[in-house]
1. Given the condition out of contact with any Phe, Trp or Tyr (no Cβ under 6 Å at 6 or more places or on another chain), surrounded by 15 or more Cβ atoms within 10 Å (Cβ to Cβ) and within 24 Å of Met1 (Cα to Cα), answer yes or no: does some residue in segment 67-90 qualify?
2. Starting from segment 51-70, take each residue that is of a type in the set (Gly, Ala, Ser) and list its partners that are assigned to a loop (DSSP other than H, G, I, E, B), counting only C-beta distances under 7 angstrom and pairs at least six apart or across chains.
3. Sort out which residues of segment 91-108 are basic (Lys, Arg) and either surrounded by 11 or more Cβ atoms within 10 Å (Cβ to Cβ) or part of a strand (DSSP E or B) (or both), and write them in order of number.
4. Yes or no: Glu39 within 16 Å of Lys12 (Cβ to Cβ), out of contact with any Lys or Arg (no Cβ under 8 Å at 6 or more places or on another chain) and of a type outside the set (Phe, Trp, Tyr)?
5. From the list Thr73, Thr64, which residue is hydroxyl-bearing (Ser, Thr, Tyr), modelled with pLDDT under 95 and more than 18 Å from Gly9 (Cα to Cα)?
6. Inside segment 73-101, can you point out the residues that are of a type in the set (Ser, Thr, Tyr) and touching a residue at least 24 places away in the same chain (Cβ under 8 Å)?
7. If you go through segment 1-57, how many residues are outside any loop (DSSP other than H, G, I, E, B), open to solvent by 60 Å² or more (accessible area, probe 1.4 Å), within 16 Å of Asn86 (Cβ to Cβ) and of a type in the set (Gly, Ala, Ser)?
8. Six or more apart or on different chains, Cβ atoms under 7 Å: show the pairs whose first residue is in segment 1-25 and without any contact (Cβ under 8 Å) to a residue 40 or more places away in the chain and whose second is surrounded by fewer than 19 Cβ atoms within 10 Å (Cβ to Cβ) and in a helix (DSSP H, G or I).
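The values are calculated or read from the model by the stated rules, or taken from the named source; none is laboratory data. These figures come from a predicted structure and were not determined experimentally. Cβ placement follows ideal geometry from the backbone for every residue including glycine, while neighbour counts extend to all protein chains displayed. Each accessible area value is taken on the protein alone, full model and side chains, heavy atoms only, with ligands, DNA and RNA left out. Shrake-Rupley method; radii C 1.70, N 1.55, O 1.52, S 1.80 Å.
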Amino acid sequence: MYSNELVRGMLKTIILQLLGEEDKMYGYELSKLVKERTESKIVITEGALYPILHKLEKDGLVTTTLDKVGNRTRKYYALTTSGEANARDKKSEMLDFLNTMKILMDPKSLATFWS
């Protein structure tokens with residue numbers, strides 16, 4: 001499992017990316033998917049997830065709907081049009097950042113890249 005410190009700055013990007021893959025998702029579904037895809041290397045707690053989802057909603061990047069599932073009401077989150085654009089921007093920024101970190105952590109990879 002990665003440190004909270006390392007993951008914290010990436011949560012918004014992760015959430016936007018996953019919401020962009022589906023029409024709508026609820027909180028537990030998001031956290032479960034992250035845990036499954038990362039083989040438990042990244043675990044998003046409720047305490048980290050919901051404040052970000054609420055901020056994304058406040059910023060107009062996601063909308064919410066309430067659906068009745070059995071005897072429960074679930075709050076689903078979906079990207080808005082501006083949320084989709086923001087998700088693309090965040091993904092591009094993240095991929096560029098990861099490439100930059102690779103160069104920073106392994107300068108020899110740059111020499112191999114230019115060869």
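1. Looking for residues that are out of contact with any Phe, Trp or Tyr (no Cβ under 6 Å at 6 or more places or on another chain), surrounded by 15 or more Cβ atoms within 10 Å (Cβ to Cβ) and within 24 Å of Met1 (Cα to Cα), one finds at least one in segment 67-90, hence yes.
2. Qualifying pairs under 7 Å: Gly60/Thr80.
3. The initial filter retains those residues of segment 91-108 that are basic (Lys, Arg), namely 91, 102, 108.
Passing the criteria: Lys91, Lys102.
4. no
5. Details: Thr64 fails: modelled with pLDDT under 95.
When all the criteria are applied, what remains is Thr73.
6. Within segment 73-101, the first condition is being of a type in the set (Ser, Thr, Tyr), and the residues that meet it are 73, 76-77, 80-82, 92, 100.
Within segment 73-101, Tyr76, Tyr77 qualify.
7. So the answer is 0.
8. Short answer, once both residue conditions are applied: Leu18/Leu33.
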